[in-house]
Amino acid sequence: MELALLAVVVGVGVGIVVGALGAGGGILAVPVLVFLLGMPAHSATASSLIIVLITALASLPHHARHGNVDWRNGLVFAGVSVVGAVLGSRLSALVPAHILLTLFGVMLVAVAVAMLRRGLRTRTEERAEAAAHGAAAAQSEEPVATHDDPVLDQPGPDMVDAADGVRRHHGEAELPLTPLRPASPRLPLVIAAATLTGFLTGFFGVGGGFIVVPMLVIALGLAMRRASGTSLLVMVIATAASLLARIGTEVQIDWVTTLVFAAGSAAGGMLGGPLSARARPSTLTLAFSALLGGVAAVTLVQTLTG
């Protein structure tokens, strides 16, 4: 009973992070399942896939209703990731548990540092943009008219083309979207990122949102919130492919603990979605980085000293 209650409580916390950031569910679920709920490492990675899948499915509708899911590019990215997901899932079962957890901890450190750097850079850009808008408003005597007609403003009532020619989604700058095509110099980057996302999803049992979100921002020019919502779509497809690839392996899943944890995570995911609309992108990124740093420290200490 106590184990089930712990699974629910921790699951809610993990779900809030996934719903708010569009990332992080598997990264948090695996250490929790291993060190708090006592699962073997390989079982934890498999259970994490189920948890991430259910949580992402619960969080996706909120982002879709608010126009934060790029279905076309998200489906393309997810489709490419399936190859890496199958390969990673089959390889994971062959790696010893302590090596798997050590590699997991190293990955956490790398992602935490990358997200910290991005968060600090985004915070600087936000301040510069706010200062520029303040100066422009002080010099202008005429208000700039914008429209929110869903017919005239095809991308959605929350997206307008500003006077500087940059499309903005919920106030965030977004590059003009272009179809993925061989002539695009960003296509190799998207393919590489999608394949790596799938591999990490299958190998570690993570959703891959920590890679998908920045790649959707950098390679496809999506705004942070739109990238976060789209990453949930990618998670659903990549985790489903990874689970199917584990059929026939010797990995065992504790279905009771997994489903109880997933139920709490799904509930938290529905709570976390609205929170993302109230925070600045830089705040979300920095909070995610700090959380990953703490989880990385616990994972490495427990694995190397256990």
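Calculate how large, on average over all directions, the projected area of the Cα convex hull of the stretch 187-296 is; give the answer in nm² to one decimal. Walk me through the numbers before you get to the answer.
Working: hull surface 32.3 nm².
So the mean shadow area of the Cα hull is 8.1 nm².
If R₀ is 35 angstrom, what is the calculated FRET efficiency for the pair residue 128 and residue 244, using the beta carbon separation as r and rounding to 0.05? Efficiency at R0 = 35 Å is approximately 0.15. Using the Stokes-Einstein relation with a Kirkwood hydrodynamic radius computed over Cα pairs, the translational diffusion coefficient of the stretch 57-115 at 4 °C and a viscosity of 1.567 mPa s comes to 90 µm²/s. Highest-first packing order for the peptide set 126-132, 207-213 is 207-213, 126-132, based on the mean count of other beta carbon atoms within 10 Å. Put a plus charge on the Cβ of each Lys and Arg, a minus charge on the Cβ of each Asp and Glu, and nothing anywhere else: the dipole of the stretch 22-136 about its Cα centre is then about 80 debye. Using a/c under 1.5 as the rounded threshold, could you call the stretch 208-270 rounded, prolate or oblate? The axes a ≥ b ≥ c are square roots of the C-alpha gyration tensor eigenvalues, and prolate needs a/b larger than b/c, oblate otherwise. Oblate, since a/c reaches 1.5 and b/c is not below a/b.
Values in this text are rule-based calculations from the coordinates and carry no lab data. Treat the numbers as computed from the prediction; the structure is a model and nothing was measured. Note that each Cβ is placed from the backbone with ideal geometry, even for glycine, and that neighbours are counted across all protein chains shown.
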